[in-house]
Amino acid sequence: MPRFESVDHLTEYRRQLKARLDPNQLQVLVCAGPGCLPLGSEELAQAFQEALAEKGLDGKVALKATGCHGLCAHGVRVLIRPREIAYERVTLADVPEIVEATLVNGQPVERLMQRDPTSGALCPCKADLPFYQAQQPLVLRKLDLIDPESLDDYLAVGGYRTLRKVLFKMTPDDVIDAVEQSGLRGRGGAGFLTGRKWRICREAEGDVRFIISNGDEGDPGAFMDRAVMEGDPHSVIEGMIVGGYAIGARQGYIYVRHEYPLAVKRLRLAIEQAREAGFLGANILRSGFNFDIKIAQGSGAFVCGEETALISSIEGHIGEPQPRPPYPAQAGLFGLPTIINNVETWANIPEIINMGPQWYAAMGTENSKGTKVFSLVGSVNHTGLVEVPMGTTLRQIIYDLGGGIPDGRPFKAVQTGGPSGGCIPAQFLDLPVDYDSLQQVGSIMGSGGMIVMDDTSCMVDVSRYFIGFLYDESCGKCTPCREGLKQLKHFYEEITQGRGEEAHLDLMEELCQAMAGASICGLGQSAVNPVLSTLKYFRHEYEAHIRDKKCPALVCRPLLTYTVDPETCTGCLACVRECPVAAISGKKKEAQEIDQELCIKCGLCFESCQFDAVRRE
Amino acid sequence: MDETRIAQILSRYEGDPADLIPVLQDIQDEYNHLPKDELKVVSRRLNLPLTQVFGVATFYKMFSLLPKGKHQVKVCLGTTCHLKGGPRLVDSVSSRIGCELGYTSKDGQFSLETVGCLGSCAQAPVMMIGDKYFARVTVDKVPKVLKPYQK
């Protein structure tokens, strides 16, 4: 990779790069995104490499381990270009057949082709699947195209094109104008207008300013930022260079949570490559603009996703939030004006500059422009990452893209926005999803986690889970959050253990009002959303726990009873081996019995039984 | 205390107070915990009060004042994993490696912790041993997952 001394040098290099690319070259793209990686993407890519070498194809077929292909449910996914043949559930054993049939003889392997879960129809090409048809990928566009560790790949798809326009044809004010006109709102959760934030920062007093990319993706159930950082790290860097130029910053930081080691590795490599190529450092492309990026790693604290806590953490302190104002745009890192935007926001910037703000603003709803990435998980057939225009309805996302609920079970709720969001019931399935509509029904957009729940999920338990999570993660600085969560946790324990009283529900609501109004940061203020939304839409479930001492969804442990059905039990003793308290007894090959006094209701027997002989009531 | 070992870590930094967290991360990675004497050295070299060093060392979850096991087991308890049986997985792993949640086993082989979300929600329930991910770990798969790591 040369060091680019001018824009023309870069343009010429890109032209040569493209000229060398053969559009008809066979490509094997193995998904190594967050969903497929645990299923063995690395081993699979290795096997492809060996199989290709064996057939003497290693020079002819391009093999790439790419970022997320979107549809995590049926991993590992493999895409064969240029024909766009999409294979799913590919294992090591399938590699020789794919190489022989598809790569050597040009024949698809039917048994590995993706199928529409609703109709069961074969969908040979990627775009044949309804999951992909309804999407409008912008942030995710390059994920299944490029090798995330190759700068050439990124340049070949138009990477770092914005630098020509931004550094040489636009003033910083032009850039801010463009971002403002695009209507882009922060993708981290609160949805503040990005352009306005940039302008506040640019107008703040002082010469030194900072840029931060928030990659502390702590919301359980959200992994879009991980997918972008691992699969397309240069987009984030390119967006940050544009932002640095716009507000006059010379130093940027990417804050990545330590649970994402691969993201850290990929970003480090990408920063190194960008420095070598002259996109970062002093006098970028001889424009006179200096900008560099450092990586700051999180150390395992959810609250550091909050911007002021994140800044404290970079400064070397414990991650305690600060009261705002002053906002970081006025006084942030080391007390200096700082722009802090989420990873997905930064990844949107290059496209907005390239295609123009009007193009971007044409997508979405009146007050929420562009597209949004959602991580669609839980009880839905097509779990994975989806990117749709703002204003797409929940029903479209869950049923058209997501393929509905597995096993024909009924939909109960969708949880959006992580622990700060709420549970949305079936009556709002036709709600167009944007920042404002979600807030109206008691939830938030958050970072875009979307967890679908069916009738096997207990809404009291879900809310108890979030409160427990936030109780653990509260930094403890302000009283409403620290003590409020402690009390809420106590109420949930009482209710789920069968000791709840109806008066508790009113007290919980009252407590939530105090927390929402008086907590310092978003963690405490929005911690009430899971409680209030479930109390509003699923009060009957709370009442069943309190009045009948029953958990209708059979989730809350203390309210369950496990018994063995003597008719179906084969006496295989699998449950006996699993039981941690030796509560199950009986002879081999005879029906077993559970001692209700000893049973701790952990459910391990239920899960380990291969014959469905353990009953849960 | 091995003076050269800690000096080597500190030599990668300029001694700025803002280097505290990266320094502690390096010590945690190399020593598998944060030894008390080494923290005192850090406090002197970065010119920070010992209270701040200990404050940071005990605030963040990745730091541990006690040695962690050779194999660090992390069970995901993100929302999806919670719904798909994560809590049962914690119980099962805990009883099989003989180690309470948040502790290290007596033989020093394993330590067990839970994490908020590993970001592989589509494969819930998920767990990690060291840097390796394991997908859809239902309770019946636990013995097979643990076997290569058990002596």
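Return a whole-number percent for the relative contact order of the range A:58-131, with Cα pairs under 8 Å and 6 or more residues apart as the contact set. That works out to 24 percent.
Projected label points at A:H490 and A:K60, each 7 Å from Cα along the beta carbon direction, are separated by 7.4 nanometres. Among bridges DSSP assigns within the protein assembly as shown, what percent are antiparallel (round to 5)? That works out to approximately 55 percent antiparallel. The number of Lys pairs in the range B:71-149 with C-alpha atoms less than 19 Å apart, excluding pairs fewer than 8 positions apart on the same chain, is 11. Taking the DSSP bridge list for the range B:71-149 and keeping only pairs wholly inside it, about 55 percent are antiparallel. The DSSP beta bridges internal to the range A:151-361 are antiparallel in roughly 10% of cases. Rounded to the nearest 10 degrees, the angle from helix A:528-537 to the longest Cα principal axis of chain A is 50 degrees. Our note on the geometry: Cα centres of the range A:239-270 and the range A:476-547, 37 Å apart. In order along the range B:89-97, phi translates into HN-Hα couplings of 5, 4, 4, 5, 4, 4, 6, 7, 9 Hz, rounded to whole numbers, per the Karplus curve 6.51 cos²θ - 1.76 cosθ + 1.60 with θ = phi - 60° and x for Gly and Pro. Relative to the longest principal axis of the Cα atoms of chain A, helix A:343-355 runs at roughly 40 degrees.
Over every Cα atom in the range A:529-615, the radius of gyration and the widest Cα-Cα span, Dmax, amount to 16.1, 51 Å.
Taking only the Cα atoms of the range B:3-59, the radius of gyration and Dmax are 9.9, 27 Å.
Once the chain from A:R324 to A:N24 is taken as fully extended at 0.36 nm per residue, the excess over their C-alpha distance is 102.5 nm. Computed from the Cβ-Cβ distance with R0 of 45 Å, the FRET efficiency linking A:R196 to A:A282 stands at 0.90. The simple spin-label model puts a point 7 Å past each Cα toward its Cβ; for A:V104 and A:L269 those points are separated by 3.0 nm.
Contact order for the range A:560-616, expressed relative to its length and based on alpha carbon pairs under 8 Å spaced 6+ residues apart, stands at 48 percent. The per residue volume of the convex hull around the alpha-carbon atoms of the range A:475-592 is 139 Å³. Cross-link reach is defined here as a Cα-Cα straight distance under 17 Å, omitting same-chain residues fewer than 8 places apart; for A:K486 the aspartates and glutamates meeting it are A:D461, A:D472, A:E473, A:E494, A:D506, A:E509, A:E510. In summary, the convex hull built on the alpha carbon positions of the range B:1-144 has an orientation-averaged projected area of 9.4 nm². Computed FRET efficiency, Cβ-Cβ of A:A361 and A:T568, R0 45 Å: what is it to the nearest 0.05? That pair, A:A361 with A:T568, gives E of 0.15. Contact order for the range A:510-586, expressed relative to its length and based on alpha carbon pairs under 8 Å spaced 6+ residues apart, stands at 13 percent.
When both the range A:60-116 and the range B:119-141 are represented by their alpha-carbon centers, they are found 23 Å apart.
Close amide H partners of A:I212, meaning residues 5 or more places away or on another chain with modelled amide H under 5 Å apart, are A:Y253, A:I339, A:I340, A:N341.
Only the Cβ atoms of Lys and Arg (+1) and of Asp and Glu (-1) were treated as charged; on that basis the dipole of chain B about its Cα centre amounts to roughly 760 debye.
Around the amide H of B:F110, modelled in the peptide plane, lie the amide H atoms of B:K70, B:H71, B:S105, all under 5 Å away and 5 or more residues distant in sequence or on another chain. Taken one residue at a time, the phi angles of the range A:362-371 give Karplus couplings (6.51, -1.76, 1.60, θ = phi - 60°) of 6, 9, x, 9, 4, 10, 10, 9, x, 10 Hz. Gly and Pro are set to x. Once backbone amide H atoms are built at 1.01 Å from N, A:I424 has A:V414, A:Q415, A:T416 as its partners under 5 Å, excluding neighbours fewer than 5 places away on the same chain. Among the trypsin sites (Lys or Arg not before Pro) found in the range A:494-582, those both in a DSSP coil and sparsely packed, with 16 or fewer other Cβ atoms within 10 Å of their Cβ, are A:R499, A:K549, A:K550. The HN-Hα couplings worked out from phi for the range A:68-81 by the Karplus form 6.51 cos²θ - 1.76 cosθ + 1.60 (θ = phi - 60°) are 5, 8, x, 8, 6, 4, 10, x, 7, 8, 10, 10, 10, 9 Hz, whole numbers, x standing for Gly and Pro. Taking the Cα centre of the range A:371-454 as reference, the dipole from Cβ charges on Lys and Arg (+1) and Asp and Glu (-1) amounts to some 140 debye.
Reported to the nearest whole Å, the Cα centre-to-centre distance from the range A:144-179 to the range A:373-409 is 31.
Select from A:I405, A:Y537, A:P357 the residue farthest towards the positive end of the dipole of the protein assembly as shown; place +1 on Cβ of Lys and Arg, -1 on Cβ of Asp and Glu, and compute about the Cα centre. So the residue furthest toward the plus end is A:P357. This model, with +1 at the C-beta of Lys and Arg and -1 at the C-beta of Asp and Glu, gives chain A a dipole about its Cα centre of some 1060 debye. The C-alpha radius of gyration of the protein assembly as shown, expressed as a fraction of 2.2 N^0.38 Å, stands at 0.96. From the C-alpha gyration tensor of the range A:1-156, pull out the three semi-axes of the equivalent ellipsoid (sqrt of 5λ each), sorted largest to smallest, in whole Å. Those come to 28, 19, 14 Å. A Förster radius of 25 Å, combined with the Cβ-Cβ distance separating A:H540 from B:E100, puts the computed FRET efficiency at roughly 0.10.
No lab work stands behind these numbers, since they all come straight from the coordinates. Since this is a predicted model, take the numbers as computed values, not measurements. Note: ideal-geometry Cβ built from the backbone for every residue, glycine included; neighbour counts use all protein chains shown.
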